[in-house]
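Note sheet for the following structure.
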Amino acid sequence: MGKKKNKQLKAIEDYKTKQQVFLSWSCPRQGWYKLNVDGTVHKRIGGGGVIRNEHGQWVGGFAANFGKGKAIDAELLALLTGLEYAWSSGWFPLEVETDAIKAIQFLVNEVEVDCSHPQFDLVKRCQAVLSRDWSCNLRHVYREQNCVADSLARHGLTLPPGCHYFTDPPPHCVPVLAEDQSGFARPRFITPKAMQYRRITNQSTVTGESQKMKESREEESQEEEDLASVTFRWKIDNFSELSLKHYSEVFFIGDFKWRILIYPRGNNTNHLSVYLEVPDSSELPDGWSRYAQFSLTMVNQVNLSKSFTKGAVHVFSIHDSEFGFQSLAPLILLRDQRNGFLVNDTCIIEAEVGVRKAEAKILADTSSSISASLGATSEERSRI
């Protein structure tokens, strides 16, 4: 009794000391796809899943009405359906995420599942797909990181029996997809024990990658200290009248010229495409290059926290004078003025650009041919 009482007291203490964390969905690694699945139950059981590419873009999804069953059946059926869908479509290597920790325990045999177990057949079928000749990793995430799959699972209960596949996202998924793609973080309260478990899990499953990420962050921090940066805000009027390409005015860091390029109707995509560009690049000296660390933001004029931001590090050159994001923000969200991105047919794009201080200083302090070719006129500077 003493041990049981101590466990209960510990559980109560953990509950009282929950810590708030902010969790967000993350894109898969370069060259990988990510499958998120979820199951649900309300009189019947349903499931849903979404597969996205390394840029966070929807490549396929499904919603299913599985009929009668238990919650664990819904989770396993959703996982099995998603795995088979990815396999048959060639969407791999594949990262798989689910918030059903019990399903994962069954699959890795942390809980014994023998032939008499009610979920034995489903578990074995999932294990068989996972063990095929492909790169496929399975991990647990919290519900806050699995919102699109949750939305599809609930949608499945409203559909006729069977599985329904979508090449394009259903309208109700679009806002959540956009939040995920922008890195939107959702709050959750977690006990210290769960926090400790998360750290141990991360270390044990991706130790090598975690160390690389840590080293990368340290390098990025050092680079940031050596950067001279500016923030350029571009207000675009009469946005709905624009077509094809549209350029901003030139802005400067030292004597470096930059400008923003947008495709108001998307660059072969249904998203706003935004790029950072070195203007007049063909007039620069042979062999020039320019390092930049930058971010591009589609500003939400009603709620800044809902703005879309993506960042990158790139070395610009004569053969690669523009770089950015083909899919910064979904056009369907942008065009609806109720969402706050387009106000009175005006949108705002913001660029934060950093270059190495040493390079900017050399250009500012010398009158070399490079400096002269990049020099700004008084008229150009007055527009900044």
Seminar exercise, completed: Of the conditions (1) over 17 Å from Lys34 (Cβ atoms); (2) among the acidic types (Asp, Glu); (3) in contact (Cβ under 8 Å) with a residue 40 or more places away in the chain, the single one that Glu144 does not satisfy is (1)
Problem set entry | Which numbered condition Gly48 fails, given (1) closer than 23 Å to Trp91 by Cα; (2) modelled with pLDDT under 90 | (2)
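The values are calculated or read from the model by the stated rules, or taken from the named source; none is laboratory data. Computed from a predicted structure; not experimentally measured. Reconstructed Cβ throughout: ideal geometry from the backbone, glycine too, with neighbour counts over all protein chains shown.
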